[in-house]
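Notes to accompany the following structure.
The values are calculated or read from the model by the stated rules, or taken from the named source; none is laboratory data. What you see is a predicted model, and the numbers here were worked out from it, not measured in a lab. Cβ atoms come from the backbone with ideal geometry, glycine included; neighbour counts cover every protein chain shown.
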Amino acid sequence: MRRKLAAGNWKMNGTGESLAEVDRLLRALPDPCCEVLICPPATLLHRMAARLEGATVALGGQTCHAATCGAHTGDISAAMLADAGASHVILGHSERRAEHGESDLDIRAMTEAAWDAGLAAIVCVGETDAEREAVNTLDIVGGQMASSIPDAVTGENLIVAYEPVWAIGTGRTPSLDEIGEVHDFIRARLERRFGPGVGRSVRILYGGSMKPGNAAEIAAVSNVDGGLIGGASLTADDFAGIIRALSAGA
């Protein structure tokens, strides 16, 4: 049975003072019923790892380079993330695709690098507003999955995050039927490509304006195994509300 996951993506937010929010979260939810992951900026990874030692909260990075090392100023490798205490990494987030020109093949190479370093990869897929208006959502998501996800998938090394790009940070949220349609489609594609056993074991997260007020109803949708949370993960109160909602359905 797939366990619900609340994955917090801090994006380019947070300094040392922000670690107090992690302390508050751990006090509020010392033993959550769902899995919890926080992906802070790289500058906080090592310090957050120390904060989370002995806790039931995992640590992740926000991206990695496909190479293990080399002349790549400003980049970070999967091995470096693992060395800092990370167990997961987000790859192919729509903001990385748009702002850094990351292609599906780039994300595939990064995912392989993450696996080589022992990290679980959260591979993001999703459509823009224009693509949804053109009724191309499933074609877009299917194409991204086919090209971004390597072949050596297990239920432990891959998590897929569906993020409708037009809903990220906008307060707009697809209907529950729309979310269910895409998550069911992703599940069917995973099962068709990797077989029923592996395909059913991979978790599929929803990412796109999930908040404490809507987390429970979204988590109850077919094949929604948790959330990739942006802004609401930055404060302990909001993130705890989402974790409680996901834990109730875990």
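Let's see how each residue does on (1) touching a residue at least 40 places away in the same chain (Cβ under 8 Å); (2) within 29 Å of GLU133 (Cα to Cα); (3) in contact with a Lys or Arg (Cβ under 9 Å, 6 or more places away or on another chain); (4) not aromatic (Phe, Trp, Tyr):
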site: PRO164; (1), (2), (3), (4): yes, yes, yes, yes
site: THR170; (1), (2), (3), (4): no, yes, no, yes
site: ASN214; (1), (2), (3), (4): yes, yes, no, yes
site: ILE229; (1), (2), (3), (4): yes, yes, yes, yes
site: ALA240; (1), (2), (3), (4): yes, no, yes, yes
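Of the residues MET80, MET12, which single one is aliphatic (A, V, I, L, M), in a loop (DSSP other than H, G, I, E, B) and either within 21 Å of LEU158 (Cα to Cα) or modelled with pLDDT of 95 or more (or both)? Working first, answer last.
Working: MET80 fails: in a loop (DSSP other than H, G, I, E, B).
Result of the check over MET80, MET12: MET12.
If ALA167 satisfies all but one of (1) small (Gly, Ala, Ser); (2) under 23 Å from GLU95 (Cβ atoms); (3) surrounded by fewer than 18 Cβ atoms within 10 Å (Cβ to Cβ); (4) touching a Ser or Thr at 6+ places or on another chain (Cβ under 9 Å), what's the number of the condition it fails?
(3)
Looking only at segment 191-218, count how many residues are out of contact with any strand residue (DSSP E or B) (no Cβ under 7 Å at 6 or more places or on another chain) and aliphatic (A, V, I, L, M).
2
Regarding segment 52-64, can at least one residue be identified that is part of a helix (DSSP H, G or I) and within 22 Å of LEU246 (Cβ to Cβ)?
Yes, that holds for at least one residue.
I'd like the full set of residues that are part of a helix (DSSP H, G or I) and not hydrophobic (A, V, I, L, M, F, W, C), limited to segment 37-51.
Answer for segment 37-51, where residues must be part of a helix (DSSP H, G or I) and not hydrophobic (A, V, I, L, M, F, W, C): THR43, HIS46, ARG47, ARG51.
Looking at ARG244, ARG203 in this structure, which one is over 18 Å from ASP177 (Cβ atoms), of a type in the set (Lys, Arg), in contact (Cβ under 8 Å) with a residue 24 or more places away in the chain and out of contact with any helix residue (DSSP H, G or I) (no Cβ under 9 Å at 6 or more places or on another chain)?
ARG203
Quick check: anything in segment 19-33 surrounded by 14 or more Cβ atoms within 10 Å (Cβ to Cβ), free of Cβ contacts under 8 Å to residues at least 24 places away in the same chain and over 17 Å from the mean Cα position of the chain (by Cα)?
no
Residue by residue through segment 179-200, note down the ones that are surrounded by fewer than 18 Cβ atoms within 10 Å (Cβ to Cβ) and touching a Lys or Arg at 6+ places or on another chain (Cβ under 9 Å).
Hits for segment 179-200 are GLU191, ARG200.
For segment 83-105, enumerate the residues that are more than 24 Å from GLU127 (Cα to Cα) and either assigned to a loop (DSSP other than H, G, I, E, B) or touching a strand residue (DSSP E or B) at 6+ places or on another chain (Cβ under 6 Å) (or both).
Correct list: ALA84, GLY85, ALA86, SER87.
Could you count how many residues in segment 82-113 are within 16 Å of the chain's Cα centre (by Cα), surrounded by fewer than 17 Cβ atoms within 10 Å (Cβ to Cβ) and of a type in the set (D, E, K, R)?
Adding up the residues that qualify gives 0.
May I ask you to say which residue of ALA79, ALA42, ALA113 is in contact with a His (Cβ under 8 Å, 6 or more places away or on another chain) and in contact (Cβ under 8 Å) with a residue 12 or more places away in the chain?
Within the list ALA79, ALA42, ALA113, the selection yields ALA113.
Could you say whether any residue in segment 125-133 is modelled with pLDDT under 95, out of contact with any helix residue (DSSP H, G or I) (no Cβ under 8 Å at 6 or more places or on another chain) and surrounded by fewer than 23 Cβ atoms within 10 Å (Cβ to Cβ)?
yes
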